[in-house]
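> If you scroll down you'll find the structure; I have some questions about it.
The values are calculated or read from the model by the stated rules, or taken from the named source; none is laboratory data. The shown structure was predicted, so the numbers you read here are calculated from the model rather than taken from an experiment. Heads up, the Cβs are rebuilt from the backbone with ideal geometry, glycines too, and the neighbour counts pull from every protein chain shown. Accessible surface areas use protein heavy atoms only, side chains included; no ligands, DNA or RNA. Shrake-Rupley method; radii C 1.70, N 1.55, O 1.52, S 1.80 Å.
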Amino acid sequence: MNRRLAAVSCLAAVVALTGCAPTVHLEAAPRANDPLCAEVSVRMPDSVSGLERRWTDAQATAAWGEPTAVILSCGYDTPAPTTQQCVTIDGVDWIVDESERPNLRMTTYGREPAVQVYVDTTVVSADAVLAGSALGSAVSTLPRAAQCTDPDAAPEGEDAPTTGTQPED
């Protein structure tokens, strides 16, 4: 009898704990069924910057925090070159979209398929989420086809542009 009561109590505790953190409803990216997204998904960490992972209901997605502060989705087309800020963090290039501040949307650049990470910067910094974390390590498994460039840098093998006039020969 005591074993049965203990089992019921344990089950009630599990149900109560899972009831505190409901599944996060997300929409899957257009190419979420890409096998490379599965490789990224299985490498998602249990926590990011102290935020615990939560269950999601869409393929190739992950979420952390209660309330949700970080969302990852894999399966987007690789973005074209852009004038938006592009940063390299732990070997992964990210295009930073600040149009919804304080939330940031960061999309991998030069990785196929692309990954998007949304960060509520009122809870955690984007740098803390991406730098030195297992999340960046998981994303780095995607094949790299391009990388961020410095718009002021000269192409390889060419001299940097100069300003002013050149002396005549």
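> All but one of (1) within 12 Å of the chain's Cα centre (by Cα); (2) surrounded by 16 or more Cβ atoms within 10 Å (Cβ to Cβ); (3) charged (D, E, K, R) hold for D97; state the number of the condition that does not hold.
(1)
> Being closer than 15 Å to Q116 by Cα and in contact with a helix residue (DSSP H, G or I) (Cβ under 7 Å, 6 or more places away or on another chain) is the filter here; which residues of segment 49-61 pass it?
Listed by number, the list holds a single entry, A60.
> How about segment 51-127: which strands (runs of 3 or more DSSP E) wholly inside it have at least 1 residues that are touching a Cys at 6+ places or on another chain (Cβ under 6 Å)? I'd like the intermediate steps shown before the answer.
Numbers: elements: 51-54, 61-64, 70-76, 86-89, 92-100, 103-108, 114-120.
The strands (runs of 3 or more DSSP E) meeting that bar are 70-76, 86-89, 92-100, 114-120.
> Please specify each residue of segment 24-49 satisfying the condition of being open to solvent by less than 70 Å² (accessible area, probe 1.4 Å) and in a loop (DSSP other than H, G, I, E, B). Spell out how you get there, then give the answer.
We begin by selecting, within segment 24-49, every residue open to solvent by less than 70 Å² (accessible area, probe 1.4 Å); these are 24, 26, 28-29, 31-32, 34, 36-38, 40-41, 44-45, 47-49.
Selection gives L26, A28, A29, R31, A32, D34, M44, P45, S49.
> Please work out which residue is modelled with the highest pLDDT, limiting yourself to segment 114-145 and to residues that are among the small types (G, A, S) and open to solvent by less than 40 Å² (accessible area, probe 1.4 Å). Reasoning before the result, please.
Applying the first criterion (among the small types (G, A, S)) to segment 114-145 yields 114, 125-126, 128, 131-134, 136-138, 140, 145.
If we keep only those that are open to solvent by less than 40 Å² (accessible area, probe 1.4 Å) too, we end up with 114, 126, 133, 136, 138.
Details: A114: 98, A126: 93, S133: 78, G136: 88, A138: 93.
Selected residue: A114.
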